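A quick write-up on the structure given underneath.
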Amino acid sequence: MLPSSRSKALGFMRMLAVVALVPFALYLSGCGGSEEATTETAAVDTTSTIGMADTNAMVANDTTAVAPAPTPEEILQQENDSLKTGNTQLQQQLDSSEQTNKDLMAKISDLEAAQIAAQEQAAKAAEQQAPPKMTTANAAPAGKSSPEEIEAYRAALQMAKERNFKDAINQFQNLLDGGVKSDYADNCHYWIGLCYYSMKDFKTAIEHFKEVLKFRFSEKKDDAQFMLAQSYERMGNKMQAQAEYQKLVQLYPTSEYVKVAQAKTR
């Protein structure tokens with residue numbers, strides 16, 4: 001082959017080799033770019049994901065820190081619920097106060113009823129214990145008492161000595177009301193006075209001792225005078241008691257009670 005022909009052939013073969021290498025180079029260049037693009041895309045995705053997480057966390061924190069403001073309707077509903085609760089509590093307190101008042105009124109009624117019953121009972125007891133109507137010395141008939149009257153008087157006297165004072169008083173008073181004569185009427189008053197004195201009813205005792213002193217003649221006058229002074233002394237009326245003791249000394253100087261009366265007036 002001629003030299004020129006050979007040179008042409010070599011040049012042509014070189015050109016073919018270059019042409020064959022171009023696609024391979026392009027392939028390699030494309031592969032490398034894809035990996036870099038993929039890496040960059042992954043980095044962008046990761047950054048986006050992290051940014052979104054941070055944003056969500058910030059939103060969550062903002063939601064927790066700041067609650068939404070209540071609407072006017074919610075505010076009115078809250079106030080209404082509060083008023084209902086307050087009214088319920090006030091009603092409960094009112095009901096409790098009314099029940100307390102009812103209980104107090106019931107107790108007051110019971111106390112008033114008990115007081116009325118006690119007053120009625122006291123009034124009945126006072127009527128039962130009230131001294132019978134007194135027969136005065138002026139009403140006692142003159143003369144001598146009958147054997148029956150004397151026997152009744154002795155029975156009443158025995159009751160008094162046995163300290164059966166109430167029955168004795170009733171028996172003596174029956175004699176007075178029945179018209180026992182003046183010879184025993186003064187004794188009946190004296191012993192009625194002694195029975196009341198023994199029962200510590202000094203006021204009633206004084207009334208009967210004074211009746212004895214009204215008799216024109218009575219062997220019980222000095223006894224009645226002494227017991228009159230004793231009754232005033234037991235009642236705490238020392239001034240009146242001393243006056244009665246002085247009367248005893250002056251009016252009945254021979255009485256067995258004179259020494260005691262004198263000692264009381266010193």
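For the pairs K166/K247; K166/K203; K161/K220; K210/K247; K161/K200, note any where the Cα-Cα span goes beyond 20 Å. The answer is K166/K247. Per residue, the convex hull spanned by the alpha carbons of segment 137-266 comes to 102 Å³.
Most exposed first by the Cβ proxy, i.e. fewest other Cβ within 10 Å, how do M235, M227 rank?
Working: M235 15, M227 23.
Listed from fewest to most nearby Cβ atoms, that is M235, M227.
I need F202, F217 ordered by Cβ neighbour count within 10 Å, fewest first. Before the final figure, lay out the partial values.
On the way: F202 21, F217 8.
Lowest to highest Cβ neighbour count: F217, F202.
Between amide H atoms placed 1.01 Å from N, distances below 5 Å from S146 occur with K181, all of them 5 or more places distant or on a separate chain.
When peptides 179-188, 254-263 are sorted by average Cβ neighbour count within 10 Å, with the highest value leading, the order is 179-188, 254-263.
In plain terms, the residue of M159, M239 with the fewest other Cβ atoms within 10 Å comes first and the most crowded comes last, giving M239, M159.
Every number in this text was worked out from the coordinates using simple rules, so none of it is lab data. In this text, all values refer to a predicted model and were calculated from it rather than measured experimentally. Because the Cβ atoms are built from the backbone with ideal geometry, glycine has one as well, and the counts that use them run over all protein chains shown.
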